[in-house]
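Asks: Below is the structure I would like to discuss, written out as structure tokens.
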Amino acid sequence: MLGFLTARQAGLDDPLRLRRAESTRRVLSLSLNPDRDVDRIHGNGINTIDIDVIEGRYMLSGGADGVIVVYDLENYSGKPQYTCKAVCTVGRSSKYVHKFSVETVQWYPYDTGMFVSSSFDKTMKVWDTETLKPAEVFEFEGNVYSHHLSPIARKHSLIAVGTKNPKIQLCDLKSGSKIHVLQGHRAEVLSVRWSPRYEHILATASADSKVKVWDVRRASGSLLTLDQHSGDKSKASSEAVNTAHNGRVNGLCFTGDGLYLLTTGTDDRMRLWNSATGENTLVNYGKVCNESRKRLQFTVSRGCSPEFVFVPCGSSIAVYALHTGELVTMLRGHYSNVDCCEFHPDYQEMYSGGKDCNILAWVPVLRSLEVEEKSDSENTAVADAGQSSGNPAFQDAWSSDED
């Protein structure tokens, strides 16, 4: 790493190259941090977490007990050892609390003064963070599995909602009403995600084994229905019905640039798709254990080269290289199944929640300059080994980067 600093100081390298290399090094060194705890508030499993993108300081969590918690991730003590405190809680004593399991929580992308939660009590609530009271409540006919607000939208304020009903609901924050329905799925919609690249593009995943991509400005149905055989020329292109997985599709995640879409299913597979063409890139991640019957929250790194995918896998979190499918490492620390994980791009940290009622902080292991200096030759050897073995994680982190 000292070599990168010297090259940047001398003007031989683009600053972006140093940033990517350091981000990659930090992600590759993620481990459970014994000095950082997160207040244990939930009395039941944690289904969903979200970190605000404005300050990168506050984290939401929602549990199977219906409770919602807001945490402050900032360290005020000045000491390495500290606990991320719960700032406020919508607990069982609140008359506004969800009656059943909270499945999704999300900060309003432009302001931490508001967040949205959805639940198996068939409601989605828009909360005022100051008062911890719902400013708006949307009611549905069935359990709500997932909702999502666009992270980039300027021309609309729509929340996409996936419920037990196969129809996707679009709710407008401005009018406080359901304004549109997207029809095409034949079973419950388990996950919905807006594109981080185009504000009108929405991806939806269902228990009918299908993933559809929509342009919500069009009234004529979905743009694409992803086909797992579309990238495999050995398979007949006219094969019956297009399916993304051979089971329930319960996880969706766009890459940070919106160029690719990742999906997970109960067939224990994860697939990477070209989000523009819908083509299956045929990256083989091997068996990705997935026992969840509802939405699975997984995440992708940002600012690394290459990027990495963090996927709950039983009581562990599997870390894969995005474009090669190589299993980089397994993060172990939970005592029971992991249901959600969220990457913090500001510090290359990761938080995970599971059925053991714990939220764990996974933090890069920082090394001193003395250690860096001593390991320069080792890093060069590792990079050479990565190049010869085709390991992209080390190849791009420590060797030359043409970006």
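Asks: Placing +1 on the Cβ of each Lys and Arg and -1 on the Cβ of each Asp and Glu in region 247-307, which of Phe254, Thr277, Val288 has its Cα farthest towards the positive end of the resulting dipole?
Replies: Most positive-ward Cα: Val288.
Asks: Determine the percent antiparallel among the DSSP beta bridges restricted to the chain, to the nearest 5.
Replies: Percent antiparallel among DSSP bridges in the chain is about 95.
Asks: So between Asp39 and Tyr198, what do we pick up on full extension, going 0.36 nm a residue minus the alpha carbon distance?
Replies: Gain on stretching Asp39 to Tyr198: 53.6 nm.
Asks: Moving on to the next point. Give the calculated FRET efficiency between Tyr110 and Ser220 to the nearest 0.05, with a Förster radius of 41 Å applied to their Cβ-Cβ distance.
Replies: Working from the Cβ atoms, E equals 0.85.
Asks: Most exposed first by the Cβ proxy, i.e. fewest other Cβ within 10 Å, how do Ile152, Ile41, Ile51 rank?
Replies: Ordered by Cβ neighbours within 10 Å, fewest first: Ile152, Ile41, Ile51.
Asks: May I pose another question? Taking θ = phi - 60°, what integer Hz values does the Karplus form 6.51 cos²θ - 1.76 cosθ + 1.60 yield along region 244-258, in sequence order, with x for Gly and Pro?
Replies: Once rounded to whole Hz, the list reads 7, 9, 9, x, 5, 9, 10, x, 9, 7, 7, 6, x, 8, x.
Asks: Still on this structure, I have one more. Given a Förster radius of 35 Å and the C-beta distance between Ser29 and Glu291 as r, what FRET efficiency does 1/(1 + (r/R0)^6) yield to the nearest 0.05?
Replies: Working from the Cβ atoms, E equals 0.75.
Asks: List, in order, the whole-Hz ³J(HN,Hα) value for each residue of region 43-54 obtained from phi through the Karplus relation with A = 6.51, B = -1.76, C = 1.60 and θ = phi - 60°; use x for Gly and Pro.
Replies: Taking θ as phi minus 60°, the curve returns x, 9, x, 9, 8, 7, 9, 8, 10, 5, 8, 6 Hz for region 43-54.
Asks: With no solvent and one equal point scatterer per Cα, compute the Debye intensity ratio I(q)/I(0) for the chain at 0.06, 0.08, 0.12, 0.13 Å⁻¹ and report its log10, rounded to two decimals.
Replies: Log10 of I(q)/I(0), two decimals: -0.24, -0.43, -0.96, -1.12.
Asks: I would also like to ask the following. Given a cut-off of 23 Å, name the pairs among Lys133/Lys167; Lys99/Lys125; Lys167/Lys212; Lys95/Lys167 whose C-alpha atoms lie farther apart than that in the structure shown.
Replies: Lys133/Lys167; Lys95/Lys167
Asks: Okay, moving on. Just rank Trp194, Trp214, fewest to most, by other beta-carbon atoms within 10 angstrom.
Replies: Trp214, Trp194
Asks: With n ≥ 4 as the cut-off for DSSP H runs, can you work out [θ] at 222 nm for the chain, using -39500 (n - 2.57) per run divided by the number of residues, rounded to the nearest 500?
Replies: -3500 deg cm²/dmol
Asks: If you don't mind, there's one more thing I want to ask. Gain in length, Met330 to Glu130, computed as 0.36 nm per residue apart minus the alpha-carbon separation, to one decimal in nm?
Replies: Once the chain is fully extended between Met330 and Glu130, it gains 68.1 nm.
Asks: What length, rounded to one decimal in nm, is gained on full extension from Arg186 through to His323, with 0.36 nm per residue of separation minus their alpha-carbon distance?
Replies: Full extension of this stretch gives 46.2 nm more.
Bear in mind these aren't lab numbers, they're just calculated from the coordinates by the rules spelled out. Keep in mind that what you see is a predicted model, and the values were worked out from it rather than measured. For neighbour counting, all protein chains shown are included, and Cβ atoms are generated from backbone atoms with ideal geometry for every residue, glycine included.
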